[in-house]
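> Attaching a single structure in structure tokens format; questions to follow.
The values are calculated or read from the model by the stated rules, or taken from the named source; none is laboratory data. Since the structure is predicted, the reported quantities are computational estimates derived from the model, not experimental observations. Here the Cβ is made from the backbone with ideal geometry for all residues, glycine too, and neighbour counts use every protein chain on show.
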Amino acid sequence: MAKIKMALARPPHEGRRFANTAISIEQALPASRVSLRAGSNELAELTKPLGFKLPTRPGTSKIKSSLSALWLGPDEWLLINSNPKTVSALMEKLDTIKCSNVDISHRNTAIIISGKAVEDVLNAGCPRDLSLDAFPPGSCSRTLFGKIEIILWRLTDDRFHIEVWRSYSEYLWAYLLDAAKDTG
Amino acid sequence: MLLIHCPYCEEERPEVEFAGAGEAHIDRPKDMNAMSDAEFEKFFFIRDNLKGVNYERWRHIHGCGRFFNAVRDTVSDKFLTTYKSGEKKPDPAKLKTGKGAK
Ligand SMILES: [Zn+2]
């Protein structure tokens, strides 16, 4: 019997990068993603497989080593796991709890944007108040960028992770690049 | 841009993240089979569509995804207040001066 060869999903913007003195745009490292839906009764039980309490304050996130959880709604979180070795074990554990855990690793990709002009470049397409008071580091939210939906996640004062559907990422990349040309 | 307070996200968010979803506080009939066509028509199609203060359902579709209720003046497009689905209809007399008025 022929050996099975697994197809690998390559990041769509692999090897591409934009940088000037004010802004840098690059492909985020590969990671697996889970769309997690759970009711308030299951939250305590989820603490064990995740290794931390899911954030319940609107628009906040939690990072613990290679696993991050982003609050998207009152019963919805996005899990991002950058350690490929723990992906299946985590899914198996989640399978035993009354929740919905859907692997969306191949649906999403992410772009990292950083630099001193990061708020201006993002505001070229996103209508949100991205000042540090309104959207401090750790904040995350589903929102709009131009015509597409994104999940915006602020990692540090001048660094954002933009989670986007893979087929929309070309639009996002082109739009960000266009906005970035007005900086630096 | 108009800002709308989402009761689930607990903050004001840009209008473009939201979608309107018609009149609020319409109870689904307990037994549709027992309804006459005229009663069903009234439940399903007929809306008040008032000029002025309306109780509406809205959805934070490009945010938390939740449906919630809003009291909006259709003349001024002003949101008098927003509240979670399932919560009681606020008294309109108290809205204009009370909590929630902007
Ligand atoms: Zn919301």
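> Is the stretch B:67-78 home to any residue that is over 26 Å from A:Cys140 (Cβ atoms) and of a type in the set (Phe, Trp, Tyr)? Let's see the steps before the verdict.
First, the residues of the stretch B:67-78 that are over 26 Å from A:Cys140 (Cβ atoms): B:71-78.
Next, only the ones that are of a type in the set (Phe, Trp, Tyr) stay: none.
Within the stretch B:67-78 (the criterion being over 26 Å from A:Cys140 (Cβ atoms) and of a type in the set (Phe, Trp, Tyr)), the answer is no, since none of the residues qualifies.
> Tell me the strands (runs of 3 or more DSSP E) entirely within chain B that contain at least 1 residues that are in contact with a Leu (Cβ under 9 Å, 6 or more places away or on another chain) and surrounded by 12 or more Cβ atoms within 10 Å (Cβ to Cβ). Give the derivation first.
Details: elements: B:3-6, B:11-14, B:19-23, B:53-59, B:67-73, B:78-84.
Output list reads B:11-14, B:53-59, B:67-73, B:78-84.
> If only one of A:Leu46, A:Leu72 is crowded, with 16+ Cβ neighbours inside 10 Å and within 24 Å of A:Pro12 (Cβ to Cβ), which one is it?
On the way: A:Leu46 fails: within 24 Å of A:Pro12 (Cβ to Cβ).
That would be A:Leu72, the only listed residue that is crowded, with 16+ Cβ neighbours inside 10 Å and within 24 Å of A:Pro12 (Cβ to Cβ).
> If the Cβ limit is 9 Å and pairs must be 6+ apart or interchain, which residue in the stretch B:25-42 that is in contact (Cβ under 8 Å) with a residue 12 or more places away in the chain pairs with which residue that is part of a loop (DSSP other than H, G, I, E, B)?
Within 9 Å, the pairs are B:His25/B:Lys89; B:Ile26/B:Arg47; B:Pro29/B:Met35.
> Restricting to the stretch A:77-86, give me the number of residues that are assigned to a strand (DSSP E or B) and either without any contact (Cβ under 8 Å) to a residue 40 or more places away in the chain or closer than 16 Å to A:Leu152 by Cβ (or both). So that I can check it myself, show each step before the final result.
Here is the first cut: in the stretch A:77-86, the residues assigned to a strand (DSSP E or B) are A:77-81.
So of that shortlist, the ones also either without any contact (Cβ under 8 Å) to a residue 40 or more places away in the chain or closer than 16 Å to A:Leu152 by Cβ (or both) come out as A:77-78, A:80.
Of the residues in that region, 3 qualify.
> I'd like the residue in the stretch A:98-151 that is of a type in the set (D, E, K, R) and within 10 Å of another protein chain (Cβ to nearest Cβ) and, out of all such residues, is nearest to A:Ser88 (Cα to Cα). Show your work before the answer.
Pass one, the stretch A:98-151, residues of a type in the set (D, E, K, R): A:98, A:103, A:107, A:116, A:119-120, A:128-129, A:133, A:142, A:147, A:149.
If we keep only those that are within 10 Å of another protein chain (Cβ to nearest Cβ) as well, we get A:128-129, A:142, A:149.
Values: A:Arg128: 36, A:Asp129: 37, A:Arg142: 26, A:Glu149: 28 Å.
Checked the stretch A:98-151; the qualifying residue nearest to A:Ser88 (Cα to Cα) is A:Arg142.
> Which count do you get for residues in the stretch A:3-31 that are surrounded by 11 or more Cβ atoms within 10 Å (Cβ to Cβ) and farther than 18 Å from A:Tyr168 by Cα?
The total comes to 6.
> Select, from A:Leu46, A:Leu8, the only residue that is at pLDDT 95 or above and over 14 Å from the mean Cα position of the chain (by Cα).
Details: A:Leu8 fails: at pLDDT 95 or above.
Of A:Leu46, A:Leu8, the one residue that is at pLDDT 95 or above and over 14 Å from the mean Cα position of the chain (by Cα) is A:Leu46.
> Any chance the stretch A:64-81 includes a residue that's within 24 Å of A:Phe135 (Cα to Cα) and among the basic types (Lys, Arg)? Outline the logic, then answer.
Restricting attention to the stretch A:64-81, the residues satisfying the condition of being within 24 Å of A:Phe135 (Cα to Cα) are A:64-81.
Retained after the next criterion (residues that are among the basic types (Lys, Arg)): A:64.
Checking the stretch A:64-81: at least one residue is within 24 Å of A:Phe135 (Cα to Cα) and among the basic types (Lys, Arg).
> Out of the residues in the stretch B:60-77 that are without any contact (Cβ under 8 Å) to a residue 24 or more places away in the chain and away from the ligand (no atom under 13 Å from the Cβ), which is nearest to the other protein chains (Cβ to nearest Cβ)? Quick ask: steps written out before the conclusion?
Let us first name the residues in the stretch B:60-77 that are without any contact (Cβ under 8 Å) to a residue 24 or more places away in the chain, namely B:65, B:72-73, B:76.
This time we only want the ones that are away from the ligand (no atom under 13 Å from the Cβ), so: B:72-73, B:76.
On the way: B:Arg72: 20, B:Asp73: 23, B:Ser76: 22 Å.
For the stretch B:60-77, the residue satisfying everything is B:Arg72.
> A further question on this structure: Tell me whether the stretch B:35-46 contains one or more residues that are over 13 Å from the mean Cα position of the chain (by Cα) and within 16 Å of the ligand (Cβ to nearest atom). Quick ask: steps written out before the conclusion?
In the first step, residues of the stretch B:35-46 are kept if they are over 13 Å from the mean Cα position of the chain (by Cα); the result is B:35-46.
Remaining after also requiring within 16 Å of the ligand (Cβ to nearest atom): none.
No: zero hits.
> Could you please find all residues in the stretch A:56-76 being closer than 12 Å to A:Trp153 by Cβ and not small (Gly, Ala, Ser)?
Within the stretch A:56-76, A:Thr60, A:Lys62, A:Ile63, A:Leu70, A:Trp71, A:Leu72 qualify.
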